[in-house]
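Written below as structure tokens is the structure these notes are about.
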Amino acid sequence: MNKKFLIPLGLFAALVVFLAVGLTRDPREIPSPLVGKPAPDFSLPVLAGDKPFSPADMNGKVWLFNVWATWCVACREEHPLLVEFSKNSKVPVVGLSYKEIQPQDMANGPMKDAEKLQLARERSLRFLQRQGNPYSLSVLDLDGRVGIDYGVYGVPETYLIDKQGVIRYKRVGPLTPQILQDTLLPLIQKWEAS
Amino acid sequence: MKWMLGFAMLMACVVRAGDAPPMAEDPQVEARLVVIAEELRCLVCQNESLASSHAELAEDLRREVRKLIREDKSDAEIKTYLVDRYGDFVLYRPQVKPLTWPLWFGPFLMLLLAVWGLWRYLRLRKNALLAQAEPQHEPIVDTRAKD
């Protein structure tokens, strides 16, 4: 029997497989070039306290760096999980409050930097008081400059940084219990041990 | 009444003036910004270039690129700055390197394969037609000569 008719069928099946695999992939998930590189340095004011924070302060510790904002809906979704994590884990979570002051906040005219800082502090602290505070401390990145250095393009984002200050993992979008269990916790264990 | 309309229009201009974005601060910088940003992808709205996107991140990134232009950085340096942070994905024209070879040369390879396939098919068909015609051994006679 001539099986030639199977050729187009086979080609079609291959195409279907490619398209099916393509559908399961998230186009928003872009591999970060920062994984395996030292965490970019910065010095930013913290939410509560006068002393600015810089990543070097965490040397010798494995820590999570979580980008968030009170205006970010997905962050609210993620928040309870972070609070839970911070209760059960010794790994410190540092927050980066990303562009807390949005253009709509300045509808009544431009604000001075000090005013922005104050409003951002008030709003963020109120949020953390209500929703629980998973952060050992949170820094304020009002103009988003540090966010650019970390390649932030969708809040929330989470970075795992090792004892030497090297980024080992980056998650764009909210953490889920599954990602925490299957990816983040094993990685934390691995880098804690090293 | 005409002057009132004129006045209203004039006031409209005055009111709008405050809103104008600081685009033309330095036309030379803006011109270079547009050229560079056309080649860069906005990460928030992925099918828009950095030049045309209204996303807030795009605005922030344009601000950074402007700053780099003022610092007299070359186009390549500016692109490297963004690739270091956001990956190759920001480039609309990906760099040619082993990882992107399939992307750059794959289509030509497929074209070659298709040409080879077509050539093979045509040759097989010609042979088949010849084989079909041969067993009958019909002499080819030019009938026109007889008429």
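Identify the residue in region A:1-53 that is assigned to a loop (DSSP other than H, G, I, E, B), within 14 Å of chain B (Cβ to nearest Cβ) and of a type in the set (A, V, I, L, M, F, W, C) and, among all such residues, is farthest from A:Gly151 (Cα to Cα). Across region A:1-53, the extreme among qualifying residues is A:Phe42. Looking for something part of a strand (DSSP E or B) and in contact with a Pro (Cβ under 6 Å, 6 or more places away or on another chain) - is there at least one such residue anywhere in region A:135-151? Checked region A:135-151: at least one residue is part of a strand (DSSP E or B) and in contact with a Pro (Cβ under 6 Å, 6 or more places away or on another chain). Select from region B:77-135 the residues that are assigned to a helix (DSSP H, G or I) and among the aromatic types (Phe, Trp, Tyr) and list them in ascending order. Listed by number, the residues that qualify are B:Tyr81, B:Tyr86, B:Phe89, B:Trp101, B:Trp104, B:Phe105, B:Phe108, B:Trp116, B:Trp119, B:Tyr121. Of all residues assigned to region A:77-99, at least one qualifies as being crowded, with 20+ Cβ neighbours inside 10 Å and within 14 Å of chain B (Cβ to nearest Cβ). Out of the residues in region B:77-90 that are of a type outside the set (Phe, Trp, Tyr) and either touching a Gly at 6+ places or on another chain (Cβ under 8 Å) or modelled with pLDDT under 90 (or both), state the one that is nearest to A:Leu142 (Cα to Cα). In this case the residue turns out to be B:Arg85.
Picking from residues in region B:32-53 that are among the aliphatic types (A, V, I, L, M), closer than 21 Å to B:Thr80 by Cβ and more than 14 Å from the chain's Cα centre (by Cα), the one that is farthest from the other protein chains (Cβ to nearest Cβ) is B:Val34.
Do the conditions hold for A:Arg130, that is, is it free of Cβ contacts under 8 Å to residues at least 60 places away in the same chain, more than 15 Å from the chain's Cα centre (by Cα), in a helix (DSSP H, G or I) and under 15 Å from A:Ile101 (Cβ atoms)? So A:Arg130 does not fit the description; no. Can you say whether B:Glu56 is within 11 Å of chain A (Cβ to nearest Cβ) and without any contact (Cβ under 8 Å) to a residue 60 or more places away in the chain, as far as the supplied structure shows? So B:Glu56 passes the test.
Pick from region A:54-76 the residues that are part of a loop (DSSP other than H, G, I, E, B) and touching a residue at least 24 places away in the same chain (Cβ under 8 Å): which of them is surrounded by the fewest Cβ atoms within 10 Å (Cβ to Cβ)?
Among those residues, the one meeting the criterion is A:Gly60.
The values are calculated or read from the model by the stated rules, or taken from the named source; none is laboratory data. Since the model is a prediction, treat every value here as computed from it, not as a measurement. With ideal geometry, Cβ positions are generated from the backbone for all residues, glycine too; neighbour counts draw on all protein chains shown.
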